[in-house]
1. Going toward the positive end of the dipole of the protein assembly as shown, with +1 on Lys and Arg Cβ and -1 on Asp and Glu Cβ, which of B:Ala97, A:Leu74, B:Phe271 do you reach last?
2. Is there a quick way to get the dipole size of segment B:247-391? I mean about its Cα centre, with the Cβ of Lys and Arg at +1 and of Asp and Glu at -1; what is the value in debye to the nearest 20?
3. For segment B:484-491, take each phi angle, set θ = phi - 60°, evaluate the Karplus expression 6.51 cos²θ - 1.76 cosθ + 1.60, and give the result in whole Hz per residue in order, putting x for glycine and proline.
4. Once you have all Cα-Cα distances for segment B:276-336, histogram them in 10 Å bins from zero and send the whole-percent values.
5. Using a 1.4 angstrom probe on the protein heavy atoms only, could you order B:Lys192, B:Lys538 from most to least accessible area?
6. What does the charge add up to near A:Ala155, with Lys and Arg as +1, Asp and Glu as -1, over the other residues with Cβ less than 12 Å from its Cβ?
7. With all protein chains present and a 1.4 Å probe, how do A:Trp176, B:Trp529 order by accessible area, largest first?
8. Between B:Leu522 and B:Ala469, what is the spin-label point distance in nm, taking each point 7 Å from the Cα along the Cα→C-beta axis?
Amino acid sequence: MKNVINFLLCGVGGQGTVLASDVLVNVGLAAGLEAKQAEVHGMSQRGGSVISYVRWGREVHAPIIGQGEADILLAFEKLEVLRNIRFLRADGVAVINNQAIVPLTVTTGGQKYPADEEIRAAFAAVTPNVRFVDGERIAEELGNLRVANVVLLGALSALLEREPALEGSALSAETWLKVIEERVPAKYVELNRRAFEEGRRAVE
Amino acid sequence: MALKKMLSGNEAVARGMWEAGVQVASAYPGTPSTEILENFALYPGIYAEWATNEKVAVDVAVGAAYAGKRALAAMKHVGLNVAADSLMYASMTGIEAGLVIVSADDPAMHSSQNEQDNRTYAKFARVPCLEPSDSQEAKDFTIAAFELSERFDTPVLLRLTTRICHSMSAVELGERLELPAQTKPFPRNPAKYVMVPSNAIKRHPVIEERIRLIAEYANESPLNRIEWRERTLGIITSGVSYQYAREVFPNASVLKLGMSWPLPEKLIRTFAAGVERLIILEELDPFIEEGVKLMGIACEGKSIFPLVGEFDPYVVRAAAVRAGLLPASVLEASPAPEVGPLPARPPVLCPGCPHRPTFYVLNKLKVPVNGDIGCYTLGLIPPLSAIHTCGCMGAGIAVAHGAAQAGSPEKHVAVIGDSTFFHTGVPALINVAYNRAPVVTVILDNRITGMTGHQQNPGTGQTLLGKDAPVIELEPLVRACGIQHVRTLSALDVDEIEKTLKEYVKLDEPSVLIVQEPCALLPEARRRWVPLEVLAEKCNGCTLCFRIGCPAILKSEELDEKTQRPKALIDASLCTGCEVCAQICPRDAIPFRPDSLFVEKAR
Ligand SMILES: Cc1ncc(C[n+]2csc(CCOP(=O)(O)OP(=O)(O)O)c2C)c(N)n1
Ligand code: SF4
Ligand code: SF4
């Protein structure tokens, strides 16, 4: 594996990025790596933009990363992925949930929500490795919108095994599932398991 | 092997408090410090509380430390401004058992009104300042702070920053230190504990000598260490900046200051003499840098690294490239493409927030509104746009009073939340009543401390430890402050709020409107959530309901035939059924809920 692998998670308050980054950092720990996670609480919970950072490696120092240092951008929302594109390193991997949450500045302020083509065009300058995942749709099919975050984690786990840009970063699906199961109420374990598997299938 | 667990810095401080045998802790919530007490409260056999404000919290901790129990007070950086008076006397008196004050600073102001660097308070108050650089140290330094406090008879400032408080890393857990259970007799030692001038004048040299002794000790303390690597570059650093030093300059020698005040002069001289180029890497103020320069040692700090905002590895790397410390090639992997201006996504009042109607009405009345700090500060965001000043907690009422006394021709309004009112609003309101300005104060009582994540307060009937408490009722309290015009209304009743405010702005005397309704995210509110719907056939796209700024109201794809404007559409997954939009829709296009809160209007 690379010395350190950096994830940047971004989305909108309430989308489940907190659980996702908690899972991610603990997967790193469970795999015997040094792992750190950082996020900001407070104002950003009121429907604002949120980001969190997760880093795994043999030796991890800084809790956050800067511009051009993310190996993986895991975006829960399509406007937020553009807002945070500067974090992705050249040839990094972007995993983008196919979901738009329209902010008030668009509804009542007359600003324009970016089209999918704009997103693709912006990423073309950084990396060919862009994957859209229908996290929202898959979660809806599973009967619970809240598991979209676990669908995305499933997709991420599979991509870590396959993307040449991330070579050597894979951890077994069982490691992931164990960490997820420790973090969800017993009656939702089966649902989350399915969400994770569907996420893996979505990037096959 | 000891058990290792992923902990945030705040969780680690709480763990450290428990392991250090802390028995009393008091705090007022404030990002990024809040989770320290929330987590400490979960340990068995301890006492923890939400105080009404930070000054009270420090005084409570001081009392416990005088009484011989290890005690801690926690707050965000600006909380220490409120508590500064108490820090100063606690430094003068010293303590009977360990006393630690946690200041959680917020470089980059993720959720604050300023980014002051509270290490200056340590210097100002002649107390030591410890700065952990990850969760393990957050725990270890908490324990060390208590040892230091008792060894030198001094309060200790434990200074954290957002990236320490809210980042997680692995921590080795230890056992609790069992301190003697019996309480020492409360000290009868006026020369030490009664700070009248004749006693205080004798204490001042004592604390100056104390800080000198701690500075001596700092040269040998395990909290400070030199890591020798290559000698071409030497970095003095503390707190989270240590991590950036290691990340960006892996081969440089580092002097890591776990205690950033007082500075270890001998250690610094040894380090400076051993390296060719000496730089200081610290966020915010040139605090260490100025100390080192005062020693007559040449170094560079803020001439290279930013004074404002927080660091990240890129920021440090880019600054180092500009200063010729690193080759430009280290920035190559950062394409960072330009993307056009993107729609902002500021935090907004939640769907169903009980603060919304008040701001909708204030916006209509076009009065100057002096705000305060809490969720309700978001009344500033368009389209509500109804806050015109906001500085710090408790300021709004007195700022309105000052503006009124200055002869401002408009009637001034102050808005303040329930927790903020208990924090510092009460003295300001008494001042309005006493000195008589026709200020209209609106207390937004959502029955919780919302902004910081729903903490109990004196109005909620519950304590931090989950015990029942008497509910401090606002209306009698306001009357007792000397206000005669007081009314309590439902915070969701748009018409009544408008009627009352129109009446109050005409008065020549102070008045208070209390609007009450639980925060929409509280369990009792959630139980009542029922989404409403827009009847497309009745909506003509008049856009009136967009003016309340509810995130659940969207523009539909469907245009009204006549006006060619988009109709309104309610996102059922977000709507709580607060009925604010239903009340203001002039065409009855949004039907009230079956169990309407506004039975009359619903008819
Ligand atoms: C001196 C100080 N202490 C703490 C804070 C953090 N803080 C900001 S808003 C807030 C609570 C506000 O609660 P309330 O007045 O009830 O309003 P709500 O958020 O519920 O609308 C706190 C604790 C601060 N900004 N300043
Ligand atoms: S948390 Fe409560 S008080 Fe704060 S914006 Fe949301 S509904 Fe309003
Ligand atoms: S009832 Fe109207 S104002 Fe209230 S949450 Fe629903 S859409 Fe928003």
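1. With unit charges placed on the Cβ atoms, the residue in question is B:Ala97.
2. 460
3. 8, 8, 9, 9, 10, 10, 5, 5
4. The calculated distribution, bin by bin, is 22, 47, 25, 5, 0.
5. Details: B:Lys192 25, B:Lys538 85 Å².
Final ranking, largest accessible area leading: B:Lys538, B:Lys192.
6. Residues close to A:Ala155 contribute a combined charge of -2.
7. Ranking A:Trp176, B:Trp529 by accessible area, largest first, yields B:Trp529, A:Trp176.
8. For the pair B:Leu522/B:Ala469, the computed spacing is 1.4 nm.
The values are calculated or read from the model by the stated rules, or taken from the named source; none is laboratory data. None of the values given here were measured: they were computed from a predicted structure. Reconstructed Cβ throughout: ideal geometry from the backbone, glycine too, with neighbour counts over all protein chains shown. Heavy atoms of the whole protein, side chains included, go into the accessibility calculation; ligands, DNA and RNA do not. Shrake-Rupley method; radii C 1.70, N 1.55, O 1.52, S 1.80 Å.
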